[in-house]
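Notes to accompany the following structure.
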Amino acid sequence: MKQASIYDGILQCPSCLGEHLHQKIVSVFFRDSEESLTGKFLRIDEKKVEKTLGDKNPSSRRDGLLIEFWCEECDADPILAIYQRKGYTYIHWHSMRKLVEA
Ligand SMILES: [Zn+2]
């Protein structure tokens, strides 16, 4: 995963370093307990809120969230991951592509 880059408080596109990203979909993953395979997993966009599978959680053992963006300046569809691991919270670009529907 590529480290997220923020300049002057503005998140930059991981592909073109453009500063005009727009959120499309947010997926939130809360495990019932550490390493639990069950929990609350929601996917939210401008049209709906739906339960989703937890297998897209960017954290293998803890909680996490994914924010899918589109960029005004290139055709990247970057996905930002914020997740916990070993007591730390990480922010990385998870992918440049859209998540495949579960
Ligand atoms: Zn871009």
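The values are calculated or read from the model by the stated rules, or taken from the named source; none is laboratory data. Since the model is a prediction, treat every value here as computed from it, not as a measurement. In this analysis, Cβ positions are derived from the backbone assuming ideal geometry, glycine residues included, and neighbour counts consider all displayed protein chains.
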Check your understanding: Name the residues in region 1-35 that are in contact with a Lys or Arg (Cβ under 9 Å, 6 or more places away or on another chain) and not in a strand (DSSP E or B), would you?
Key -> 14, 32, 34, 35
Practice item. Could you tell me which residue of region 61-72 is modelled with the highest pLDDT, considering only residues that are surrounded by fewer than 19 Cβ atoms within 10 Å (Cβ to Cβ) and over 14 Å from the mean Cα position of the chain (by Cα)? Key: 72
Check your understanding: So which pairs qualify, if the first residue must be in region 1-16 and closer than 15 Å to residue 66 by Cα, the second must be away from the ligand (no atom under 13 Å from the Cβ) and part of a loop (DSSP other than H, G, I, E, B), the Cβ gap must be under 7 Å, and the two must be at least 6 apart or on different chains?
Key -> 11/4
Practice item. Test residue 51 against the stated conditions and say whether it is in contact with a Phe, Trp or Tyr (Cβ under 7 Å, 6 or more places away or on another chain) and touching a residue at least 24 places away in the same chain (Cβ under 8 Å). Key: no
Review point. (1) closer than 15 Å to residue 1 by Cα; (2) of a type outside the set (A, V, I, L, M, F, W, C); (3) surrounded by fewer than 18 Cβ atoms within 10 Å (Cβ to Cβ): which one isn't true of residue 56, the others all being true?
Key: (3)
Check your understanding: If we scan region 33-46, do we find a residue that is at pLDDT 90 or above, within 16 Å of the ligand (Cβ to nearest atom) and among the aromatic types (Phe, Trp, Tyr)?
Key -> no
Review point. Hey, among the residues in region 57-89 that are within 16 Å of residue 26 (Cβ to Cβ) and in a loop (DSSP other than H, G, I, E, B), which one's farthest from the ligand (Cβ to nearest atom)?
Key: 63
Point to revise | Boolean, residue 92 is touching a strand residue (DSSP E or B) at 6+ places or on another chain (Cβ under 9 Å) and either within 16 Å of the ligand (Cβ to nearest atom) or among the polar types (S, T, N, Q) (or both) | key: no
Point to revise | Close pairs (8 angstrom Cβ cut-off, 6 or more residues apart or separate chains): under 17 Å from residue 2 (Cα atoms) and touching a residue at least 12 places away in the same chain (Cβ under 8 Å) in region 69-95, within 16 Å of the ligand (Cβ to nearest atom) and β-branched (Val, Ile, Thr) anywhere | key: 69/79; 79/67; 80/67; 82/67; 93/79; 94/79; 95/79
